[in-house]
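Undergrad: Dropping a structure here in structure tokens format, bear with me for questions.
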């Protein structure tokens, strides 16, 4: 419980860092810290394989693309303040506040069942996940393949010069 | 068990606020990824709660969609950047159609 609280508070703090820091590179690094903390939380929740996937896919692949693009746009970041903002920050703040209040209201109404301390040995193992992916979820798992293919073709097409 | 649920709510709200107030398109994208991560945390929490691996399978699919979204989204962003040389999201308001 203590480990969950520490990891969770670091995750929330570093997530706040994403939207509070000025430089986009620091926001990316802050996101990396959030991902590592979330991975630790997954380990706490006895989902070891998902924790490893989180590091590999998010920190290893997605964040690296983000960093490349952030560095590619290096000169443009400083220009943002030159343009006038199109939206009123007060209205945005009010809507965010309303959202938080409504979430709080829902959370108050929600009754969560007690934590079942005894989790089965097979929970979160590669074996249980693999057997679910290759039996009940075989079609969605295979449908991921054309999705990736379309995404690769689309990204290459969009990225190439005219 | 309510603690991971609250963390997930907090992360989702921070991501939503980031989408609403940030004008740098890349931070905007990072905030969307943060919201996907909060959904993942909720999936893992409830999978652990019910001792059922199905939630973890859905985390797997969310990861796949996040990777695809990042690849295509950033490609679109690079394409737009070549045209206008800015990353300010207000400058792309003509995408509304």
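Undergrad: Quick one: in region A:13-31, of everything that is surrounded by fewer than 19 Cβ atoms within 10 Å (Cβ to Cβ) and part of a helix (DSSP H, G or I), which residue is nearest to the other protein chains (Cβ to nearest Cβ)?
TA: Here the answer is A:16.
Undergrad: Here's a check for you: in region B:32-52, which residue that is more than 7 Å from chain A (Cβ to nearest Cβ) and under 12 Å from residue B:13 (Cα atoms) is surrounded by the most Cβ atoms within 10 Å (Cβ to Cβ)?
TA: So the residue we want is B:38.
Undergrad: When you scan region A:38-67, how many residues do you find that are farther than 21 Å from residue B:68 by Cα and either more than 9 Å from chain B (Cβ to nearest Cβ) or not in a helix (DSSP H, G or I) (or both)?
TA: Going through region A:38-67 one residue at a time, the tally reaches 6.
Undergrad: Another one. Modelled with pLDDT under 90 and part of a loop (DSSP other than H, G, I, E, B): which single residue out of A:104, A:124 fits that description? Please lay out each step first, then the result.
TA: Details: A:104 fails: part of a loop (DSSP other than H, G, I, E, B).
Result: A:124 is the single residue among A:104, A:124 that is modelled with pLDDT under 90 and part of a loop (DSSP other than H, G, I, E, B).
Undergrad: When you scan region B:6-25, do you find a residue that is more than 7 Å from chain A (Cβ to nearest Cβ) and more than 13 Å from residue A:19 (Cα to Cα), even just one?
TA: yes
Undergrad: Checking residue B:14 against (1) crowded, with 19+ Cβ neighbours inside 10 Å; (2) over 16 Å from the mean Cα position of the chain (by Cα), which test does it fail?
TA: (2)
Undergrad: For region A:127-152, give me the residue count where each residue is over 24 Å from the mean Cα position of the chain (by Cα) and part of a helix (DSSP H, G or I).
TA: Of the residues in region A:127-152, 5 are over 24 Å from the mean Cα position of the chain (by Cα) and part of a helix (DSSP H, G or I).
Undergrad: Under the condition of being buried (at least 19 other Cβ atoms within 10 Å of the Cβ) and closer than 24 Å to residue A:57 by Cβ, which residue from region B:74-97 is farthest from the other protein chains (Cβ to nearest Cβ)?
TA: B:77
Undergrad: Among the residues in region B:58-71, are any at pLDDT below 90, surrounded by fewer than 17 Cβ atoms within 10 Å (Cβ to Cβ) and part of a helix (DSSP H, G or I)?
TA: No: zero hits.
The values are calculated or read from the model by the stated rules, or taken from the named source; none is laboratory data. Just so it is clear, the model here is predicted, and its values are computed rather than measured. Glycine also receives a Cβ, built like all others from the backbone with ideal geometry; neighbour counts cover every protein chain displayed.
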